[in-house]
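Where a number appears in this text, it was derived from the coordinates with a stated rule and is not lab data. In this text, all values refer to a predicted model and were calculated from it rather than measured experimentally. Heads up, the Cβs are rebuilt from the backbone with ideal geometry, glycines too, and the neighbour counts pull from every protein chain shown.
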Amino acid sequence: MSVDQHHPAAPERYMGGDLAGATRFPEFPRSAQYQPEWMLENLMGPNAVWLTEALCERLDLRPGMHVLDMGCGKAMSAIFLAREFGVQVWATDLWIAASDNWARIREAGLADRIFPIHAEAHALPFADGFFDAAVSADAYHYFGTDNLYLSYYARFVRPGGQLGIVVPGLRDEFADGVPPHLAPYWEPDFWSFHSPAWWRAHWERTGLVEVAVADMVPRGWEHWLRWLEVATAHGYPSNERETEMVRIDAGRTLGFTRLIARKVEG
């Protein structure tokens with residue numbers, strides 16, 4: 001079977017028009033209830049609400065749980081977690097001021113459930129074992145590829161607690177360098193993109209966690225492409241080269257890696 005049969009061409013290009021329809025996917029019924037304008041105004045790359053919903057499909061979140069949202073950006077993911085699952089969220093980010101996120105949290109009516117934290121990933125101000133779950137959408141690859149990081153990060157999760165990430169990734173690691181169709185677009189930062197198999201091995205070899213899920217988000221590359229096109233069409237920050245790269249790749253290589261594990265007890 002040819003590559004084209006395995007990986008169909010990119011969907012028809014979005015040029016503007018029905019914003020609500022363009023940002024509504026059947027696999028994200030919870031996200032469909034959120035205003036696309038709000039998501040666009042707070043974007044920092046791929047759609048954090050979609051990614052968080054994709055991650056939560058495979059997590060067991062219950063009301064009252066303590067959840068670390070690591071690299072929360074402008075707190076969209078934290079707002080989604082608190083509103084949809086009734087959890088308490090510590091919305092932690094380095095690039096966005098806690099005061100700015102606090103304003104968004106209060107506007108969302110979730111001041112009793114979300115606590116904004118300004119912190120660097122290697123200097124987290126939390127007690128060991130404080131969280132029932134630690135999640136991260138489109139952020140963990142910036143710091144978590146380090147061989148030592150999980151040993152630090154996992155200490156904040158209780159034994160038996162959950163860890164979940166969803167990050168830009170590869171279907172498979174490159175065997176012979178960057179594929180020719182991606183070479184014109186490849187940036188040094190993209191070397192943080194890894195396959196589900198790579199992430200599984202990276203976490204499991206520590207002995208700290210048991211990985212339950214290591215896969216690619218279904219249709220993740222299509223969601224990535226659509227979000228870039230929507231942002232461009234409506235005058236929000238986007239990246240033309242990235243859009244072209246994802247469209248040309250058409251799911252052959254790129255997408256979103258999803259990883260979920262439980263911290264080993266004992």
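Points worth noting:
- Among PRO218, LEU59, ASN147 - extreme Cα towards positive end, dipole of region 15-263, charges at beta-carbon: LEU59
- Distance from the alpha carbon centroid of region 196-225 to that of region 65-90 works out to 21 angstrom.
- Counting charges near GLY71 (Lys, Arg +1; Asp, Glu -1) among other residues having Cβ under 13 Å from its Cβ returns a value of -3.
- Packing-based ranking, highest mean first, of 200-206, 112-118 given that Cβ atoms within 10 Å are counted: 112-118, 200-206
- DSSP bridge orientation in region 165-266 - percent antiparallel, rounded to nearest 5: 95
- Dimensionless Rg ratio for the chain, taking C-alpha atoms and the 2.2 N^0.38 Å reference: 0.98
- Selection among VAL167, GLY73, ALA133 by position relative to the dipole of region 68-199 gives ALA133 as farthest towards the positive end (Cβ unit charges, Cα centre).
- Charged-residue dipole, Cβ positions (Lys, Arg, Asp, Glu), region 15-120 about Cα centre, Debye nearest 20: 200
- Ordering of 183-190, 99-106, 248-255 by burial proxy (mean other Cβ atoms within 10 Å per residue, highest first): 248-255, 99-106, 183-190
- Charge dipole (Cα centre; +1 on Lys/Arg Cβ, -1 on Asp/Glu Cβ; no other charges) of the chain amounts to roughly 560 debye.
- Sequence-separation-based contact order of the chain, relative, with Cα cut under 8 Å and 6+ spacing, percent: 22
- Cα radius of gyration and Dmax for region 1-122 (Å): 16.4, 54
- Column: log10 I(q)/I(0), Debye, Cα scatterers of region 150-256, q = 0.12 Å⁻¹: -0.51
- Antiparallel %, DSSP beta bridges [both residues in region 15-263], to 5: 45
- Per residue convex hull volume, Cα atoms of region 159-207, in Å³: 99
- Isotropic mean projected area of the C-alpha convex hull, region 58-196 (nm²): 9.6
- Sorting the segments 234-245, 75-86 by their mean number of nearby beta carbons within 10 angstrom, highest to lowest, gives 75-86, 234-245.
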